[in-house]
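See below for the structure under consideration.
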Amino acid sequence: MTMQTTQPTYRLEQKRKITGEFPGPKSAELGARRAKVVAGGVASSVPVYVADADGGIILDVDGNSFIDLGSGIAVTSVGASDPAVAAAVSEQVGRFTHTCFMVSPYEGYIAVAEKLAALTPGDHEKRTVLFNSGAEAVENAVKVARIATGRTAVVAFDHAYHGRTNLTMGLTAKANPYKSSPAGSFGPFAPEIYRVPMSYPFREEAEIKGEDAARRAITMIEKQIGAENVAAILIEPIQGEGGFIVPAEGFLPALTAWAKEKGIVFIADEVQAGFCRTGAWFASEHEGIVPDIITMAKGIAGGMPLSAITGRADLLDAVHPGGLGGTYGGNPVACAAALAAIQTMEEQDLNGRARAIEEQVMGRLRALAGEVDIIGEVRGRGAMLALEFVQSGTAGSTKEPNAAATKAIADACLKAGVIILTCGTYGNVVRLLPPLVISDELLADALDVLEGAIREAAAA
């Protein structure tokens with residue numbers, strides 16, 4: 001019997017509309033106010049200010065309607081104002097906004113933990129701890145791995161992004177702007193972090209199988225660190241900020257098998273890829289790997305700040321009482337939002353919707369890649385998709401990154417009313433993260449704009 005799924009409903013008209021001056025006068029006024037009070041180190045990709053958002057549309061203060069292909073960096077997968085999330089938040093706010101789970105606990109925290117135990121890969125006994133941000137989740141996963149194993153070394157990968165706190169800056173691969181700039185460094189960083197090569201099929205010097213790419217990393221670990229000293233291997237199953245890099249098939253299973261053999265905790269950072277984004281609840285599922293610990297955030301709670309680590313009970317229970325937690329971790333309002341967001345994901349089959357988005361987008365972009373020579377690769381899974389841009393004529397040879405074209409494409413899309421995000425170690429990747437509730441018609445309109453911007457950049 002086919003499962004019946006509900007359809008998204010929208011408050012705002014799902015159409016793109018640019019009214020005139022860009023940015024408009026109200027956004028310009030807010031920009032001037034911002035410059036006087038907000039630290040310059042906080043940057044925004046888009047120079048317009050939001051008044052409302054719904055489905056696949058962001059409405060700015062000047063009445064412009066933009067198609068959202070960023071979802072607040074993969075956060076508003078169920079839409080920026082999902083009715084179920086809004087209702088759950090409103091109800092919870094009317095009862096209590098905070099007690100601190102470490103002082104006076106409440107059912108919502110437990111219900112979220114139960115749901116995560118059911119959704120994450122593996123049928124083993126699990127435990128969960130809730131926090132506020134992805135970086136917090138990663139830090140605490142490392143804490144758990146270290147205390148459970150009695151080891152200190154942590155292995156991360158080229159092109160990785162794990163956060164902006166001190167420890168997670170050390171785990172992140174890209175220096176500027178996350179770790180340093182021409183003005184100086186945020187360091188010193190936390191010690192006992194080691195970096196090994198990622199499987200990056202498009203940029204390998206020669207084609208290499210996933211198992212062989214894993215052996216390359218494992219050999220480096222064994223020679224330079226020693227497996228007996230490694231507490232954890234930390235990896236994004238699909239790298240996010242590094243360029244939406246999908247490792248070669250076999251890479252992740254080989255790493256997990258070796259980690260298990262050596263008693264190393266395998267941590268999957270699913271902060272960006274989790275919660276239906278790739279067409280599965282978690283990107284780990286695509287190759288059938290079962291991480292020891294999964295870190296989660298972004299799409300978990302429909303836009304409310306919440307993160308989590310879920311993992312093997314023996315690992316998380318190795319930490320002494322009081323060793324994990326935080327004042328706001330698992331806030332009751334955020335927990336209510338998470339339960340409602342997950343309900344929407346289930347009722348609207350957003351895993352299936354992500355796969356449908358992939359089919360719609362990939363067909364168009366791969367056809368375009370055959371016509372213009374600045375697209376080096378189209379890649380990704382579900383609604384976590386990317387185009388890597390190269391200099392004209394280098395796609396099949398040097399694959400020289402083309403950051404200038406990438407920026408020009410993003411700028412052209414924004415002026416036409418489509419918000420897209422860029423990423424990549426070389427600044428040459430456009431990433432597409434539409435809300436999973438976006439309509440086919442709105443997505444097609446956005447792709448028309450993107451295709452036009454790419455053709456224009458290729459002709460320049």
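The values are calculated or read from the model by the stated rules, or taken from the named source; none is laboratory data. Because the structure is a prediction, the values reported are computed rather than measured. Cβ: placed from backbone, ideal geometry, glycine included. Neighbour counts: every protein chain shown.
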Could you tell me whether any residue of segment 310-325 is over 17 Å from residue 76 (Cα atoms), touching a residue at least 60 places away in the same chain (Cβ under 8 Å), small (Gly, Ala, Ser) and assigned to a helix (DSSP H, G or I)? yes
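Kindly evaluate residue 122 against the criterion of being assigned to a loop (DSSP other than H, G, I, E, B), assigned by TED's automatic domain parsing to the domain that holds residue 335 and among the small types (Gly, Ala, Ser). Steps first, answer last, please.
Working: assigned to a loop (DSSP other than H, G, I, E, B): yes; assigned by TED's automatic domain parsing to the domain that holds residue 335: yes; among the small types (Gly, Ala, Ser): yes.
Criteria met by residue 122.
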What number of residues within segment 400-420 are assigned to a strand (DSSP E or B) and either over 23 Å from the mean Cα position of the chain (by Cα) or over 14 Å from residue 454 (Cα atoms) (or both)? 2
Out of 164, 151, which single residue is under 20 Å from residue 228 (Cβ atoms) and either charged (D, E, K, R) or touching a residue at least 40 places away in the same chain (Cβ under 8 Å) (or both)? 151
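Just checking, which of 301, 273 is closer than 30 Å to residue 400 by Cα, buried (at least 22 other Cβ atoms within 10 Å of the Cβ) and not assigned by TED's automatic domain parsing to the domain that holds residue 420? Write out each step before concluding.
Values: 301 fails: closer than 30 Å to residue 400 by Cα.
Result of the check over 301, 273: 273.
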In this structure, does residue 332 turn out to be under 17 Å from the mean Cα position of the chain (by Cα) and within 27 Å of residue 96 (Cα to Cα)? no
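Just to verify a result, which residue in segment 247-260, among those that are of a type in the set (A, V, I, L, M) and part of a helix (DSSP H, G or I), is surrounded by the most Cβ atoms within 10 Å (Cβ to Cβ)? Explain how you work it out, then say what you get.
Initial filter on segment 247-260 (of a type in the set (A, V, I, L, M)): 248, 252, 254-255, 257, 259.
Filter again for part of a helix (DSSP H, G or I), leaving 252, 254-255, 257, 259.
Working: 252: 25, 254: 21, 255: 28, 257: 14, 259: 22.
Step by step, filter segment 247-260, then rank; the result is 255.
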For the list (1) in a strand (DSSP E or B); (2) within 25 Å of residue 207 (Cβ to Cβ), I need the number of the one condition that residue 393 fails. (1)
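Run down 266, 244 and say which single residue is within 30 Å of residue 302 (Cβ to Cβ), not in a loop (DSSP other than H, G, I, E, B) and not acidic (Asp, Glu). Write out each step before concluding.
Details: 244 fails: not in a loop (DSSP other than H, G, I, E, B).
Unique residue meeting the criteria: 266.
Name the strands (runs of 3 or more DSSP E) wholly inside segment 36-89 in which the number of residues that are surrounded by fewer than 24 Cβ atoms within 10 Å (Cβ to Cβ) and of a type in the set (Asp, Glu) is 1 or more. Let's see the steps before the verdict.
Working: elements: 50-54, 57-60, 65-68.
By residue number, 50-54.
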Which one of these is crowded, with 17+ Cβ neighbours inside 10 Å and either modelled with pLDDT under 95 or on the phi > 0 side of the Ramachandran plot (or both): 170, 243, 210, 184? 243
